[in-house]
Amino acid sequence: MQSFRFTFLWATLLAPAALLAQNVTTSGTITLSGGSAIVNNKGDRPAYQQLEQHSRQGFVGIEDYSLVREAKDSVFKFDARILPGDEDYRLKLRYEKNERYYVDAGYEQFRVWYDGSAGYFTPKNLSFRLYDEELTLDRSRLWLEAGFFTENQTLIRFRYDYRARSGNKDSSMWGDTTVPAPYGARNIVPTLYELNEETNTVSVDVGNDTQESQKWNVGARYSETKLDNKRFTRRQPGSSTADRIVTTKDETKTDLFAAHGYYLRKVNEQLTISGGALITKLDTVLAGSRIYGQSYDPVYDPAYVRRQQRDEGFYGLEGSGDIKQTVLNLNAVYTPKKDWTIRPSVRFEDRREETISEFVEINTGPAPAVAPILESLEGENNKGWHEFTESVEVRYTGKPNWTFSTAGEWVQGSGNLEESLGEPGALTIDRQSDLSRNFQKYSVSANWYAKPGLTFAAQYYYKLRTNDYDILRDSAPTTGGDRYPAYIIDQDFETHDMNVRMSWRATSKLSLVSRYDHQESKINNVQAGLGPKQSADASSDIISQSVTFSPTARLYLTGSVNVTYDQLKTPAYPFVQQGDNNYINGSLGGGYVVSQKDDLYADYSWFNASNFYDNSATSLPYGLSQRQQAASLTWVRRQSESLIYTFKYGYITNRDTTFGGMNDFNAHVLYAKVQLHF
């Protein structure tokens, strides 16, 4: 299969050459490249691959092959990439017959690398490695599009897309292990995702945007998605009495149909209006399971070895879900006077959701019998929601060297939710709620062009969102897990954000850009029977500075630095300590023209965060503490106008305190390419 794929790719790559004999103008580029990395023996290779998104074992092939053939009334374009090792492939073809039709087709595939390591418990120097941590996920896309123009330049477009991803990646839903006293259970065990997903989409559009006075478009799309995903969670690995594996399957299938349209009309020089509509229908078939056992992907066994109390799961899930959505919007651009622009808009959304499912719930009773408990359940969810959004933006440019703008946005949404769960005729959850959401946002901004080369800009916005939940009916007791989330009756989110920026070309050789951002956010909750409580208070300050300096015609230097001071306060402080996310990152670089044919470039970048808090006594230590540094030297040789050589050497280091050094590495990176223009 591998040999066939390469043969097909090379044949496709060389096929356009047969067309070159025609009397057309031809140009193109071919770039051959290769690279590799040498990671130190004790370095974490998966961490390197996830950071750099390149195979540590190297890659070599055609980085880019592009060909353009232009005739009097047509254009042919071909583009390709073939990079084994990185598993990065691309083939694109496009043929255009001017103002008549076009055909566009292609295929691309690329690999994404993940690190399968999980948590690290500092006091006991404890971590787990259960499988190969060099995880990869391949993503691919295939498409075919054809467009035809009518006599009045209306475009009729047909398109087919196929998207897929398959492979393995890590999950943050870690399994648990028991740490010797006084610590107890800690979730630090790695979890593996096995993904296999496919989506087929067919769409058709008809529209005309060639006229200045009016533009329109209508279209429809049908999409089918199939999931066959598995998540493998290990609980208490190594324990002779409690080691078991949880396999969670998601075998969902969805069908989506959507129709849309918009129309824009320029009424006169002062007024332009536009409107649009979207209708969506999503049908979902639910299937899956969550089963405990002693192997990956087991069949449910009620007497599986090492079962524990409250090993909860399910199997035999069958269900369906339907979503119907209608969205309407109306927009305008009004210029009452020369220096004023007003942009009002209105949006309406109506959404209906219906979901029903049947499954067998799995549970186990207390020791010593740890007897299986099976219960056939039915669940149903019905939700209706509608929402209105109004917004307006006003812009003024009447003052010389200044521009001002202000905007407001308001959202009012309300709906009803009915939920039920239980055995047929005996519901354990029977709940009805009225929901409402109100949102408002106000912003102002100004730009001042103080003098040629010097510009100041400032922006500020305030937003507030309030969610209210009115529980009309609830069969669950006022205490216990089945009450969640019905005891939450109000949530408020409030944010202030401002930033200022200066762009200054101090001299013809020196340019600077400075920026300061500040944001404050608060979250307040109200629970049934309790008063208001602030659940989070977050603030963030970011200072950034960049400089570009060209002291001579042959030398340039550039640098940037970003300092982030991100703080989070919460009543859960005894458990989580602080939620700080403070870090600094920056870069330095430069280029020098060594000779008429040779250029030399140097780059250095760094990242440093120090937020680790050892909260082992009550929870899992967390908070990112990491240092990354990367330096590289690149030599470019312009052998001729059509032939260019590039050689690059880089050195990368990573030090990760949060994970006890498990993700540390030093890497030497080599890269070379040859580029030929024709």
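Tabulated results
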| item | result |
| --- | --- |
| Neighbourhood charge, 10 Å Cβ-Cβ cut-off, centred on N331 and excluding it, Lys, Arg +1 and Asp, Glu -1 | +2 |
| Å² of accessible area per residue within region 228-273, as computed with a 1.4 Å probe and no ligands counted | 51 |
| Simple label model, 7 Å out from Cα along Cβ direction - D434 to A602, nm | 7.0 |
| Surface accessible to a 1.4 Å probe, Y592 within the full protein complex, Å² | 100 |
| nm² value of the averaged projected area, convex hull over the Cα atoms of region 97-245 | 13.9 |
| Cβ charges +1 (Lys, Arg) and -1 (Asp, Glu), total dipole of the chain, debye | 2680 |
| Orientation-averaged projected area, Cα convex hull of region 417-539 (nm²) | 11.6 |
| Accessible area, probe 1.4 Å, largest first, for residues I356, I429 | I356, I429 |
| Probe 1.4 Å - accessible area at V346, Å² to nearest ten | 80 |
| Where F158, F348, F121 fall by accessible area, highest first, once all protein chains stay in place (1.4 Å) | F158, F348, F121 |
| Accessible area of the chain belonging to carbon and sulfur atoms, whole % at 1.4 Å probe | 56 |
| 37 °C / 0.692 mPa s Stokes-Einstein diffusion coefficient of region 248-353, Kirkwood radius on C-alpha pairs, µm²/s | 175 |
| Region 430-458 versus region 226-243: alpha-carbon centroid distance in Å | 45 |
| Pair-distance profile P(r), taking every C-alpha pair of region 321-442, with 5 angstrom steps and integer % | 2, 9, 12, 11, 11, 9, 8, 8, 7, 6, 5, 4, 3, 3, 2, 1, 0 |
| Within straight-line cross-link reach of K266, lysines at Cα separation under 16 Å, skipping those fewer than 8 residues along the same chain | K215 |
| For region 608-663, convex hull volume per residue from C-alpha positions, Å³ | 91 |
| Cβ-based charge dipole, the chain, positive-most Cα from G661, Y583, A672 | A672 |
| Loop trypsin sites (Lys or Arg not before Pro), region 580-662, which have at most 15 other Cβ atoms in a 10 Å radius of their Cβ (DSSP) | K597 |
| Equivalent ellipsoid semi-axes - Cα gyration tensor, region 350-404, angstrom | 60, 19, 6 |
| Global size of region 28-176 as Cα Rg and Dmax, reported in angstrom | 22.1, 76 |
| Kirkwood Rh in Å, taken over all unlike Cα pairs in the chain | 30.9 |
| Local net charge near I273, Cβ-Cβ under 9 Å (Lys/Arg +1, Asp/Glu -1) | +2 |
| Integer Hz, Karplus 6.51/-1.76/1.60 couplings in order for region 430-439, x for Gly and Pro | 9, 9, 10, 9, 9, 10, 8, 9, 10, 9 |
| Taking N as its residue count, the alpha carbon Rg of region 550-663 over 2.2 N^0.38 Å | 1.59 |
| Listed residues V267, S295, I279: farthest to the positive end of the dipole of region 260-310 (Cβ charges) | S295 |
| Candidate lysines for bridging to K533, where Cα separation is under 29 Å - those fewer than 8 sequence places away on the same chain excluded | K383, K441, K463, K522, K569 |
| Where L421, L670 fall by accessible area, highest first, once all protein chains stay in place (1.4 Å) | L670, L421 |
| Region 490-510 and region 295-332: distance between their alpha carbon centers, rounded to Å | 44 |
| 222 nm mean residue ellipticity, helices alone, for the chain (DSSP H n ≥ 4; -39,500 (n - 2.57); rounded to 500) | -1000 deg cm²/dmol |
| With DNA, RNA and ligands ignored, accessible area of E145 (1.4 Å probe; Å², nearest 10) | 20 |
| Compactness index (Cα Rg / 2.2 N^0.38 Å), region 156-205 | 2.16 |
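The values are calculated or read from the model by the stated rules, or taken from the named source; none is laboratory data. All values derive from a computational prediction rather than experimental measurement. Note: ideal-geometry Cβ built from the backbone for every residue, glycine included; neighbour counts use all protein chains shown. Areas reflect the complete protein model, heavy atoms only, side chains present, ligands, DNA and RNA absent. Shrake-Rupley method; radii C 1.70, N 1.55, O 1.52, S 1.80 Å.
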